[in-house]
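What follows is one structure encoded as C-alpha cells, with my remarks underneath.
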Protein chains: 2
Amino acid sequence: MQENYQQKILGILGGGQLGRMVIQSAISYNIDIHILDPDPNAPCKDICQNFIQGKLTDFDTVYNFGKNCDVITIEIENVNTEALQRLADEGKEVFPQPHIIKMIQDKRLQKQFYKNNNIPSADFILTANKEEVKANSGFLPAVNKLGREGYDGRGVQVLKTKKDLENAFDAPGLLEKLIDFEQELSVIVARNKQGETVAFPSVECSFHPTANLVEFLFAPANISIATEEKAKSLAFQVIEKLEMVGILAVEMFVTRSGDILVNEIAPRPHNSGHHTIEANFTSQFEQHLRSVLNMPLGNTALRCPAAMVNLLGEDGFTGNAIVEGMDKAISQKGVYVHLYGKKVTKPFRKMGHVTILDENVSVLKKRALEIKEIIKIKA
Amino acid sequence: MQENYQQKILGILGGGQLGRMVIQSAISYNIDIHILDPDPNAPCKDICQNFIQGKLTDFDTVYNFGKNCDVITIEIENVNTEALQRLADEGKEVFPQPHIIKMIQDKRLQKQFYKNNNIPSADFILTANKEEVKANSGFLPAVNKLGREGYDGRGVQVLKTKKDLENAFDAPGLLEKLIDFEQELSVIVARNKQGETVAFPSVECSFHPTANLVEFLFAPANISIATEEKAKSLAFQVIEKLEMVGILAVEMFVTRSGDILVNEIAPRPHNSGHHTIEANFTSQFEQHLRSVLNMPLGNTALRCPAAMVNLLGEDGFTGNAIVEGMDKAISQKGVYVHLYGKKVTKPFRKMGHVTILDENVSVLKKRALEIKEIIKIKA
C-alpha cells in the first residue's frame, strides 16, 4: 500500500522564505509543490513544480490556484479565506482550516478566542478607532495593535503616556496591557488529522528594540522544567481548542511573577523555529509537511543547543543586496547560513538567518552576537 | 566586500539525485544552478534556475551549456571532457578539472595513475579484449573491469575459474587481482583552489551481493584510529597528487593483513557520503559547493553515528514507482528518508536512501536491516 501523500500536489499560498524552506524539505519526499505569490521574483519561484503569480487576497485567484492542488496550506496568514473555505467545502484538504486562519488574521478575534477559552493572555480592550484609544488613557501603558494586516512588526505600537496617544492607530484594533515580562518564549506545536499532537521544546526569543522582529533565539530556553511543562501544555491547549491541523507557533510572555501569557499565534512555520533545521531531529518545515499531509509527526527533540540570528537588511541600505562577511561566518564550526533568495534589501527586511550549534550553551549568546557583527546585508 | 560566489551561476553536468541534493544545499546560499541532463524528467528538473535537456557526451551541447555558466561541475563522470577543457581554456572555472575527469573516466588510466604515484592499489594487467583476458588465466581469481562507462555496478565482474573467462568483457579493460579484503572503506576529501584540504571521517560500506552497489553504510567505520589515520592520509595523497579542486570519494579495501588499497575514486558527491546530510556538521553536498566555488571548506566532524541504506528498486518490478512502508519508517526517531524524484522504478535502480541516526552504534546495523525490510520500492 502506498501512502498517498506521495501522489498529492501541495499548494502553498505564499512563496517567501517559509515556503522556500518547506520546499527544501519536500524535495526529500518527492512532494510536488505549487506556489501562489504576488511577487514574480518570490523566493520560491524557481524551485517548485508550478509557480503562479497572483494576489493572495483575491477570491478567484486563490480559488483557481487551489482547484489544481490536492492539499492547500499557507506560509502567510493574509490570504483569502473565503476561497479557501469554498475549496474545503468542495472536498479539498485545506490546512490550517480556513476558519482558523480567518480568526487569526484579526487580532481582535484572536484575543476574544483566548478569553472565551480561558487561555491566559494580557488584558485588553477592543477599540474601533483613534478616539476610542484616546478615551482609554487610564489603560496605559499599553500596546496598541491593529486588528488586521499587522505583520513582521507592522501594526503594533507601545503607548506609554498620554502624549503617545496622538500616534494611536485610527482603525479597528485593540489596547493590550503592557506586560512587564521576564522572558519571551515560543513553542511550536503540530497536530495532524488523527489529532496526534507534539511540541518542539520551548525557545527563548529576543526582539530587535525598534523593528519589533525576532533578533535572536536560543534553544533550549533558559527556564525551569516546570515552566517548560507549563508552556508546552498551554501550546497544546491552544491547538486542541482550535482543533487545528498543521503547525502552530505560540508566542508567550513569562511574567516576573512566573505566569505564562499567550501573546500571539501563527498557524504556519515561524521565525522562532528556524533553528530546528539543524538543531532538532525534525525541522519545523518537515513537521509542517507531515501535519498537513497526514504523515506521522516527527520527533521534536533537540539534537544540540542552538542560537538563531535573523539577517535583517541594514538600516540605511535599499537596493540589490550584498552580503558581507559570509566567508568569515561559514568558516566557523556549526554555523549555518540560510539566505532567502531576495534580490533587493530594505532596512530590516528579513534577508536570511544563521543558526549556530554549540554543545556549550553558555557561549551561544556570545557567538550569536559575533555572527551579527560579521554578516551585514547592504546594498 | 561581497564574496563573489553569490553572483555566480553554477552549471552542473547531470541532473540526477546527486545534483538534486546539491541543489537542496545551494538554496541556502542563493546559488543559481543550471542543469544539463539527457532525461527530460531528471530529478533536478523542477528545482533549478535553468534546466537544459541534452547529451552530456556531446561536445556542442556541453560547450554551449557551459558558456552560460560561471563555474561548471559534474555529478557524473561520463561527460564530454573536450568541451570542458575548451571552456576552461576560455576562462570558465571547471572543477574538477577536465583532465582529471578524463583520467577517472578510464579505469585503465586510473590504475596507471595509482601505480605511477605509488598509491597502493590491487595488482593489475591491462587487457585489450576478451582474448587477452583469457590469456591471463594464471591471474585468477580476478576482477575484470571495463575501461570506460562502468557505472553503478555495470562493467565489473568477478572471474574466479577458467570457465568464468567465457564471460570476460571483449573491450579494453583490465584484470585486477581479487582482494581478500576484511572491510571496504570510503573517505571523502575536499580541496579548494587555495589547496586547503579536509577529509570526512571514514565510513564502512557493505555492498549488495549481486548488484555490486552500496547497500549499507556505517559511520564511523569500525576501525582503529591507526587505520583511520592511514585511510585519511591515503585519500589526501590522492587528491593532492591530482591537485584536484572539488570533492573526491576514495573507496578503499582494508586487507586481512591490515594494508589499505585504493579501489576506485569518484570526483563528485558519492553514495558513501549521503549520511553526511544529517550526521555531519557539513554535508558532502555543501562541501562540494564550497570546494568548487572557492568558499572556506566546512567542518567534517560526525555529529552522531549513522547508518545509510540505499533504496533500490525491488527485483522483479518495473514501472511507476510505489514506495511501501514510508509511514512506518518515518515514525522512528532519527530516520530520514530521501526520495530522488524518479517516477519509474527498475530492478536495483537507486530510487532513494535512508539515513538512520543513533547514539548507540551497536544498534545501527539492526536498525538498517529493519528499514530495508520496511521500505520497498515496487511498481
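In segment A:115-183, what trypsin sites (Lys or Arg not before Pro) fall in a loop by DSSP, with at most 13 other Cβ atoms inside 10 Å?
A:ARG154, A:LYS160
Using only the alpha carbon atoms of segment A:123-177, find the Kirkwood hydrodynamic radius as the inverse mean reciprocal pair distance, in angstroms to one decimal.
One over the average 1/r among Cα pairs gives 10.6 Å for segment A:123-177.
Give the cross-link partners of A:LYS342 among the aspartates and glutamates, using a straight C-alpha distance below 18 Å as the criterion and excluding same-chain residues fewer than 8 apart.
Partners within reach: A:ASP37, A:ASP39, A:ASP46, A:GLU75, A:ASP152, A:GLU314, A:ASP315, A:GLU324, B:GLU3, B:ASP32.
In this model, which of B:LYS55/B:LYS346; B:LYS107/B:LYS145; A:LYS55/A:LYS111; B:LYS67/B:LYS241; B:LYS193/B:LYS241 are farther than 18 Å apart at the alpha-carbon?
From B:LYS55/B:LYS346; B:LYS107/B:LYS145; A:LYS55/A:LYS111; B:LYS67/B:LYS241; B:LYS193/B:LYS241, over 18 Å: B:LYS55/B:LYS346; A:LYS55/A:LYS111; B:LYS67/B:LYS241.
Please list the helices of chain B that count as membrane-span-like by this rule: a mean Kyte-Doolittle hydropathy of at least -1.0 together with Cα atoms stretching 20 Å or more along the helix axis, each helix being a complete DSSP H run.
B:225-242
Using helices alone, what [θ] at 222 nm do you get for the protein assembly as shown, with -39,500 (n - 2.57) per DSSP H run of 4 or more residues, divided over all residues and rounded to the nearest 500?
Theoretical 222 nm ellipticity from helices: -7500 deg cm²/dmol.
From the label point of B:GLU166, set 7 Å along Cα to the beta carbon, how far off in nm is each other copy's matching point, shortest first?
Going from nearest to farthest copy, the values are 10.2 nm.
What does the charge add up to near A:PRO347, with Lys and Arg as +1, Asp and Glu as -1, over the other residues with Cβ less than 10 Å from its Cβ?
Net charge around A:PRO347: 0.
Highest GNM mean-square fluctuation, chain B, Cα pairs closer than 10 Å: which of B:MET244, B:MET252, B:MET295?
Per the Cα network of chain B with a 10 Å cutoff, B:MET295 tops the list.
Of B:VAL158, B:VAL309, B:VAL22, which is the most mobile in a GNM of chain B whose springs link Cα atoms less than 10 angstrom apart?
Result for chain B, Cα springs under 10 Å: B:VAL158 fluctuates most.
Would you mind computing the Rg to Rh ratio of the protein assembly as shown from its alpha-carbon coordinates, Kirkwood style for Rh?
1.01
Across 10 Å bins from 0, what is the distribution of all Cα-Cα pair distances for chain B, in whole percents?
5, 23, 33, 28, 10, 1, 0
Between the label point of B:GLN85 and that of the same position in each other copy, find the distances and list them shortest first in nm, with every label point placed 7 Å from Cα along the Cα-to-C-beta direction.
Listed shortest first, these distances are 7.0 nm.
With +1 on each Lys and Arg Cβ and -1 on each Asp and Glu Cβ, and nothing else charged, work out how big the dipole of chain A is about its Cα centre, in Debye to the nearest 20.
Around 440 debye, computed over chain A.
Report the net charge of residues surrounding A:LEU109, where surrounding means a beta-carbon distance below 10 angstrom and charges are Lys +1, Arg +1, Asp -1, Glu -1.
+4
For peptide A:340-347, what's the mean number of Cβ atoms from other chains within 10 Å of each residue's Cβ?
1
Quick check: residue separation of A:SER233 and A:VAL158 times 0.36 nm, minus the Cα distance between them. What number comes out in nm?
Net length gain for the segment: 24.1 nm.
As a test of understanding, state the convex hull volume per residue of segment A:280-376 from its alpha carbons, in Å³.
Convex hull volume per residue, Cα atoms: 106 Å³.
Looking at segment B:84-231, I'd like the Rg to Rh ratio, where Rg is from alpha-carbon atoms and Rh is Kirkwood's inverse mean 1/r.
Reported Rg/Rh (Cα atoms, Kirkwood Rh): 1.01.
Taking a quarter of the surface of the convex hull around the Cα atoms of segment B:64-115, what do you get in nm²?
Computing the convex hull of the Cα atoms and averaging its projections yields 3.6 nm².
Antiparallel versus total DSSP beta bridges in the protein assembly as shown: what percent is that, nearest 5?
Given both bridge residues lie in the protein assembly as shown, the antiparallel proportion sits at roughly 80 percent.
Sum up the charges of everything whose Cβ sits under 12 Å from the Cβ of A:ALA379, counting Lys and Arg as +1 and Asp and Glu as -1, but leave A:ALA379 out.
+3
Using the alpha-carbon centroid of each, what span in Å lies between segment B:346-365 and segment A:42-103?
If we compute the Cα centre of each part, the gap is 36 Å.
Quick one: among B:ARG86, B:ARG290, B:ARG20, which has the greatest mean-square fluctuation in a GNM of chain B with alpha-carbon springs under 10 angstrom?
B:ARG86
Just going by the charge dipole of segment A:277-379, with Lys and Arg at +1 and Asp and Glu at -1 on Cβ, which of A:MET295, A:ALA379, A:ILE277 is farthest out on the positive end?
It is A:ALA379, whose Cα lies furthest towards the positive end.
Could you tell me the extents of segment A:3-47's C-alpha atoms along the three principal axes, largest first, rounded to whole Å?
Largest to smallest, the principal-axis extents are 34, 15, 14 Å.
Do any GluC sites (Glu not before Pro) in segment B:79-109 lie in a DSSP loop with no more than 13 other beta carbon atoms within 10 Å, and if so, which?
B:GLU90
Taking a ≥ b ≥ c as the square roots of the Cα gyration tensor eigenvalues, with a/c under 1.5 meaning rounded and otherwise prolate when a/b beats b/c, else oblate, which class fits segment A:5-94? Numbers along the way, then the final one.
On the way: a/c = 1.95, a/b = 1.19, b/c = 1.64.
Oblate shape, in that a/c is at least 1.5 and b/c is the bigger or equal ratio.
Given charges of +1 on the Cβ of Lys and Arg and -1 on the Cβ of Asp and Glu, with all other atoms neutral, how large is the dipole of segment A:56-112 about its Cα centre, in debye to the nearest 20?
Computed about the Cα centre, the dipole is about 300 debye.
Using only the Cα atoms of segment A:181-378, what are the Rg and Dmax in Å?
In order Rg, Dmax, the Cα atoms of segment A:181-378 give 16.8, 49 Å.
Divide the volume of the convex hull of the Cα atoms of segment B:164-282 by its number of residues and quote the answer in cubic angstrom per residue. Walk me through the numbers on the way to the answer.
Working: hull volume 15.7 nm³, N = 119.
Residue-normalised Cα hull volume stands at 132 Å³.
What size of dipole, in debye to the nearest 20, comes out for the protein assembly as shown about its Cα centre when the only charges are +1 on Lys and Arg C-beta atoms and -1 on Asp and Glu C-beta atoms? Kindly include the intermediate steps, with their values, before the conclusion.
Numbers: 86 positive and 94 negative charges, 11 e Å.
Around 60 debye, computed over the protein assembly as shown.
What accessible area, in Å² to the nearest ten, does a 1.4 Å probe give for A:HIS270?
Rounded to the nearest 10, the figure is 20 Å².
Tell me the distances, shortest first, between B:ASN118 and the same position across the other copies, using label points 7 Å along Cα→Cβ, in nm to one decimal.
8.1
The values are calculated or read from the model by the stated rules, or taken from the named source; none is laboratory data. Bear in mind that the values here come from a model prediction, so they are computed numbers and not experimental data. FYI the Cβ positions are ideal-geometry reconstructions off the backbone, even for glycines, and counts take in every protein chain you see. Only protein heavy atoms, including side chains, enter the accessible area calculation; ligands, DNA and RNA are left aside. Shrake-Rupley method; radii C 1.70, N 1.55, O 1.52, S 1.80 Å.
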